[in-house]
Structures are given as structure tokens and as C-alpha cells.
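Novice: Below: one structure in C-alpha cells.
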Amino acid sequence: MGSLWRALLRPYILTSSIRVALVVGMLLNVINQGSVFLNGEGISWSQVVLNFLVPFCVASYSAARNEIERNKTE
């Protein structure tokens, strides 16, 4: 578990995951709440946060696991 946390905190993994979260999060927010934005209604902030948080977690975890596996074979 310690190696997973070390991999997750590597700057290039964090940077890449943030970029993925921004792009995918924006798309998910448009898909999930596009009509709310267009109609000027109140948006669900919990959905906004989750739409960015979930892609960040998925990208971070998959990059860290890939890093760990790659280091095992070297």
C-alpha cells in the first residue's frame, strides 16, 4: 500500500491526473447539467465536485498501478 501512495504523489502523475480531471470533468458537467446551465437554474455543486473528483481518482489510480507494475519488471 505504501508504494501505491508514493506513486500517487509523484508530480507527473498528479499533473497528468489533474489535466484528465479538468477535461473529463468539464465534459461530464456539460452532459449531466447542461440544461441547468442553459436555463440559469441552480446547479448541484455536489455533482460538479464528483464530476471532477471521479476522473481524477481513476486517472491517478490507473497511472500509479501502471507505474508500480512497470517498476516490478525492471
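The values are calculated or read from the model by the stated rules, or taken from the named source; none is laboratory data. Please read these numbers as outputs of a predicted model, since none were measured by experiment. Glycine gets a Cβ as well: all are built from the backbone with ideal geometry, and neighbour counts include every protein chain shown.
Novice: Scan 36, 58, 30, 24 and give me the residue that is among the aliphatic types (A, V, I, L, M), modelled with pLDDT under 90 and part of a helix (DSSP H, G or I).
Specialist: Residue meeting the stated conditions: 36.
Novice: Something else: Which of the following residues is of a type in the set (Val, Ile, Thr) and in contact with a Gly (Cβ under 8 Å, 6 or more places away or on another chain): 49, 58, 36? Can you show your working first?
Specialist: Working: 49 fails: in contact with a Gly (Cβ under 8 Å, 6 or more places away or on another chain); 58 fails: in contact with a Gly (Cβ under 8 Å, 6 or more places away or on another chain).
One residue alone meets the criteria, 36.
This table checks each residue for (1) of a type in the set (A, V, I, L, M); (2) surrounded by 10 or more Cβ atoms within 10 Å (Cβ to Cβ).
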position: 16; (1), (2): no, yes
position: 22; (1), (2): yes, yes
position: 26; (1), (2): yes, yes
position: 33; (1), (2): no, yes
position: 40; (1), (2): no, no
position: 49; (1), (2): yes, yes
position: 52; (1), (2): no, yes
position: 57; (1), (2): no, yes
position: 72; (1), (2): no, no
